[in-house]
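Undergrad: I'd like to ask some things about the structure below.
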C-alpha cells in the first residue's frame with residue numbers, strides 16, 4: 001500500500017468516526033434539546049395566555065395541560081421507539097393495562113371551561129403539544145419514519161385520486177396519528193406517562 005493510499009484510508013476512517021459521533025451522540029442530544037425548547041416555548045405561550053386573563057392559573061384544565069408539558073420536558077429523553085416497545089412489552093408480559101387517567105381528567109377539566117373560545121384554545125394547545133411529541137418519536141426512529149413515509153405516500157396518492165388538496169403538514173400529522181393508533185401506543189398513554197413524571 002502506497003503512502004497516498006494509506007492517507008486516503010486514514011482520512012476515510014477518521015471521517016467515518018466523526019460521522020458516527022455526530023449521528024449517534026451529537027444528533028440525539030440536539031434533537032432532545034430542540035424537543036425540549038419547543039415544549040418550553042409552547043408552555044410559555046400557555047402561561048402568557050393565562051396571564052392575559054383568558055383562563056385562571058388554578059383552573060384544572062390549565063394545570064393539567066401545564067403538568068403534561070412539564071412531564072414531557074422532564075422525560076423527553078425517554079421518548080423513543082425502544083422505550084415505547086419496552087413499555088408495551090412490560091404491559092403484555094405483566095398483564096398490565098395502560099391507564100387513561102389523563103384523558104378522563106382532561107375531558108372533565110375541559111367541560112368545566114365555560115367559554116367556548118377558551119376551550120378551543122386549550123384544545124389547540126394540547127394538539128400542538130402532541131404534535132411536538134409525535135414529531136420527536138417519528139423523526140427519531142427509522143422504522144417509524146419509514147412507516148409514516150409509506151402511509152404519507154398512500155394518503156397523498158388517495159388524496160390526488162379523490163381530488164382533495166391538503167397540505168403536507170396535515171398529511172404528515174394524519175399519517176403519524178394513524179401509525180401510532182394502529183401500531184404503537186395511544187397518545188393518551190403518552191399523556192399519562194408525562195403526567196406521572198410531572199407529579200413524581
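Undergrad: Could you give the length gained by full extension between residue 112 and residue 153, i.e. 0.36 nm per residue of separation minus their alpha carbon distance, to one decimal place?
TA: 10.7 nm
Undergrad: Rank these for me by crowding, 138, 10, going from fewest to most other beta carbons within 10 Å.
TA: Arranged by neighbour count, lowest to highest, 138, 10 become 10, 138.
Undergrad: Just want the ordering: 59, 126, from fewest to most Cβ atoms lying within 10 Å of their own Cβ.
TA: 59, 126
Undergrad: Assuming R0 = 22 Å, what is the FRET efficiency of residue 127 and residue 74, from their Cβ-Cβ distance, to the nearest 0.05?
TA: The pair residue 127/residue 74 has a calculated efficiency of 0.60.
Undergrad: Can you tell me the FRET efficiency between residue 8 and residue 29 if r is taken as the Cβ-Cβ distance and R0 is 41 Å, rounded to the nearest 0.05?
TA: 0.85
Undergrad: Further question: Could you tell me the calculated FRET efficiency between residue 21 and residue 49, based on Cβ-Cβ distance and R0 = 30 angstrom, to the nearest 0.05?
TA: It comes to 0.15.
Undergrad: Expressed as a rounded percentage, what relative contact order does the range 23-92 have, with Cα pairs under 8 Å and six or more residues apart?
TA: Result for the range 23-92 is 36 percent.
A short reminder: the numbers here are calculations on the coordinates, not readings from a lab. Keep in mind the model is a prediction, meaning the values are calculated, not measured. Don't worry about glycine lacking a Cβ; one is built from the backbone with ideal geometry, like all the others, and counts go over all protein chains shown.
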